Amino acid sequence: MSKIEAFWARFKEHTQQPNAKYLSDFHFELNEKLANELLELVLIGQKKATSSSLNAYILENEPLPKEGDLHIVTDFYGNPRCVIKTTAITILPFNEMTYDICKREGEDDTLESWQKGHIRFFKEEAKAKNASFSMDMPIVFEDFEVVYQE
């Protein structure tokens, strides 16, 4: 049994949800340092949302998240650390993001710092997928809550 499967079995037993299914297991960001820093923000309750480009879902042929979805969040090396549950989805153009929305990600003190970090991320992600970033590209903003951690 893999460490993800074992973690999920403990989640199901602990929450008494024997038929629960998770949509994905993932880590935040594209490098170890940021992935693990963002994970820690989730674990301490500061990070309660995340954002992705709509293009990434389309290019990877993945379903859009929806309320109630469960995901396993791992560290950069794939070690499971918690289960999150999607509580809300908002889709809007990058250039219409407000600080009231993006501050729920728990990473930045201003809209400008959020934009700077996310432009970097979305450009790197787009380059890896042979796509491009634009200021009006649709962003999938996902609010979540931690429902299990060990």
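Values in this text are rule-based calculations from the coordinates and carry no lab data. None of these values were measured; they are calculated from a predicted model. We place every Cβ from the backbone using ideal geometry, glycine too, and count neighbours over all the protein chains shown.
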**Prompt:** With +1 on each Lys and Arg Cβ and -1 on each Asp and Glu Cβ, how big is the dipole of the stretch 3-149 about its Cα centre, in debye rounded to the nearest 20?
**Reply:** 320 debye
**Complete:** Amide H contacts under 5 Å for C82, restricted to residues at least 5 apart in sequence or on another chain and with H modeled in the peptide plane, are V73
**Request:** Quote the convex hull volume per residue of the stretch 78-137, based on C-alpha atoms, as a whole number of Å³.
**Result:** 122 Å³
**Asked** Using the C-alpha atoms of the stretch 3-149, what convex hull volume per residue, in cubic angstrom, is computed?
**Response** 107 Å³
**Item:** Structure-based [θ]222 nm, the chain - -39500 (n - 2.57) summed over DSSP H runs of at least 4, per residue, nearest 500
**Value:** -10500 deg cm²/dmol
**Mean separation of Cα contacts under 8 Å, 6 or more apart, over the residue count of the stretch 3-149: relative contact order %** = 31 percent
**Prompt:** Out of L92, L41, L59, any idea which swings most in a Gaussian network model of the chain, alpha carbons joined below 10 Å?
**Reply:** L59
**Request:** Under a 10 Å cutoff between Cα atoms, tell me which one of P138, P18, P93 has the largest fluctuation in the Gaussian network model of the chain.
**Result:** P18
**Message:** Which one, T74, T15, T50, has the greatest fluctuation when you compute a Gaussian network model over the chain with C-alpha springs under 10 angstrom?
**Reply:** T15
**Complete:** Quick numbers on the stretch 1-89, Rg and Dmax over C-alpha atoms in Å, give 13.3, 36
